[in-house]
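Comments concern the structure below.
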Amino acid sequence: MVVSPMLMAELARALSYPKLQTRIDPRDSSDLLAWLSRSATHATDTHSAPVRSADPDDDYLLALAASENAILVSGDKHLLTLANEAPVFAPRRFLESISA
């Protein structure tokens, strides 16, 4: 698992949304962020993505995956449309691939 400052900030922001706070206890969110901070590989943010998303805000994720030679696991429709151009997997497909 690879994280970057931008990814951690985005995750922290998303976990603070009221919609998610009704499903995920704020303490669990804090624990997740702390665990990722301790356990994940930390990488520097880069903006030179090999492919571009229809949503420019997603390009840093493509750049991060490329710079770390990592698979990007996401349910984001803009990223999933790039699955033929970049290693992007839907969560279910990723889980199926690692359990096979």
Rounded tilt (10° steps) of 26-39 against the dominant C-alpha axis of the chain: 50 degrees
Structure-derived P(r) over Cα pairs in 5 Å bins from 0, in percent - corresponding label in [x] 2, 12, 20, 21, 22, 16, 6, 0; [y] 2, 10, 15, 13, 8, 6, 5, 4, 6, 9, 11, 7, 4, 1; [z] 2, 11, 18, 18, 12, 10, 10, 9, 4, 2, 1, 0: [x]
Amide H contacts of F89 (H built 1.01 Å from N, under 5 Å, at least 5 apart or other chain): L72, V73, S74
Probe 1.4 Å, protein heavy atoms only - accessible area per residue of the chain in square angstrom: 67 Å²
Label zone at D55, where the point sits 7 Å out along the Cα-to-Cβ direction: the range 1-22 residues whose backbone N lies under 13 Å: 10-11, 14
Environment charge at M6 (Cβ cut-off 12 Å; Lys +1, Arg +1, Asp -1, Glu -1): -4
Whole-Hz ³J(HN,Hα) from phi, Karplus 6.51 cos²θ - 1.76 cosθ + 1.60, for the range 84-95, glycine and proline x: 7, 10, 8, x, 10, 10, 5, x, 4, 5, 4, 4
Whole-percent carbon and sulfur share, accessible surface of the range 22-97, 1.4 Å: 51 percent
The chain: most fluctuating residue of P50, P87, P26 per GNM, C-alpha cutoff 10 Å: P26
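The values are calculated or read from the model by the stated rules, or taken from the named source; none is laboratory data. Just so we're clear, the structure is a prediction, and the values are computed from it rather than from any experiment. Every residue, glycine as well, gets a Cβ built from its backbone with ideal geometry; the counts of neighbours run over all protein chains shown. Note: areas computed on protein heavy atoms with side chains; ligands, DNA, RNA excluded. Shrake-Rupley method; radii C 1.70, N 1.55, O 1.52, S 1.80 Å.
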